[in-house]
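The numbers here are math on the coordinates, done by the rules we state, and not lab data. As the structure is a computational prediction, the values presented were derived from the model and not from experiment. Please note: Cβ atoms are built from the backbone with ideal geometry, for glycine as well, and neighbour counts cover all protein chains shown.
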Amino acid sequence: MNSLAAPEQELVREAARSLLDPQGRALAAQVEWWHLPGLGPSDGGSWPVAVLGEGPPVLLLHGFDSSFLEFRRLAPLLAASGAQLFIPDLFGFGFCPRPAAADYGPSGVLRHLELLVRAIGQRNPAPLGLIGASMGGAVAVELARRLPQQVERLLLLAPAGLTGRPMPLPPLLDGLGVRFLALPGVRRGLCRAAFADPDSAVGPAELEIASLHLQSPGWAEALRRFARSGGFAGCGAPLPLQPISVLWGADDRILRPPLKRAALALLGERVSVLENCGHLPHLDQAASVVTSWLTPPPRL
């Protein structure tokens, strides 16, 4: 990157220099900016993907209104286990460019990932593993159904959006919701709710990462349009044919009990519950996530 880099690239470059969290700095330093034909102005644009490790390829998908930095604790452990990690920002989220005329609903998110998987296959043609966290779990399930030949297996971390139905926010309410999410107190509360022990886990470093991507140009408009689309919901049935394992935190306070019960009914014995873990197993229990990934699930 140079002095003429786009604002979102400058944000990531600065994160690699100055984030309070050293693991966040290290992961930001691994970001590459990929050209994906078919996305962006004039068929261009540069799309952030953190790349690290050597071995079979694994694609990691973050949750709603988050970024690749969500995997800062898991990435070094998983890469050291013998995998090549590809950690993008989902389309319309994180530090992605946000073209004005783009589709910021689920179809846009999946189109971006299909192009990304094609590019990963050119670099590393081995069968692809998928790890999806929260909303990224629903995205992973949808992607696995679309790409049955490329995707080998899935690990879902506190998946959200597998059950229920899309509920688009109407005009005005979508904008109010986005402004609400931007409030510092709201972001602090959501960040604390995501951890099993927020008093010890959440400090200035966590809060910085939880809000840094809000500075990306177009954040509010893209999120508003995603909310109007209804987002990812009801994505679980029928489950894809690939082997699936699921980790859920015993202290998850983000997903409401009815959603958890419905998801557990769908996923059945694929689910393992982690003690002392909230909505973010890859942050609360990163080593347990690696152990689960190294123990491939049987086909049911």
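Below, the figures for the structure above:
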| read-out | value |
| --- | --- |
| Among Pro170, Gln30, Val117 - extreme Cα towards positive end, dipole of the chain, charges at beta-carbon | Pro170 |
| Peptide ranges 120-130, 239-249 listed from the most packed, as the mean C-beta count within 10 angstrom indicates | 239-249, 120-130 |
| Per-residue Cβ neighbour rank within 10 angstrom, fewest leading, Phe180, Phe95 | Phe180, Phe95 |
| Extension gain from Ala250 to Ser211, taking 0.36 nm per residue of separation minus the Cα-Cα distance | 11.5 nm |
| Charge context of Gly94, other residues only, Cβ under 11 angstrom, K/R +1, D/E -1 | -3 |
| Label point at Arg187 placed 7 Å out along Cα→Cβ; residues across the stretch 268-300 whose backbone nitrogen lies under 13 Å | none |
| Sorted by Cβ neighbour density within 10 Å, fewest at the top, the residues His112, His282 | His112, His282 |
| For Gly249, residues with placed amide H under 5 Å, excluding near neighbours | Ala158, Leu274 |
| Under 5 Å, built H, 5+ apart or other chain: amide partners of Phe64 | Met135, Gly136 |
| Dipole magnitude (debye, nearest 20) for the stretch 7-293, charges at Cβ of Lys, Arg, Asp, Glu | 580 |
| Highest-fluctuation residue, Ala80, Ala222, Ala16 considered, GNM on the chain with Cα pairs under 10 Å | Ala80 |
| Cut-off under 5 Å, modelled amide H: who pairs with Cys235 long-range | Leu162, Thr163 |
| Fewest-first ranking of Glu14, Glu269, Glu8, Glu114, using other Cβ atoms within 10 Å as the exposure measure | Glu269, Glu14, Glu114, Glu8 |
| Spread of Cα-to-Cα distances over 20 Å intervals beginning at zero, given as percent, for the chain | 36, 62, 3 |
| CD proxy at 222 nm, helix term only [per DSSP H run n ≥ 4: -39500 (n - 2.57); per residue of the chain; nearest 500] | -11500 deg cm²/dmol |
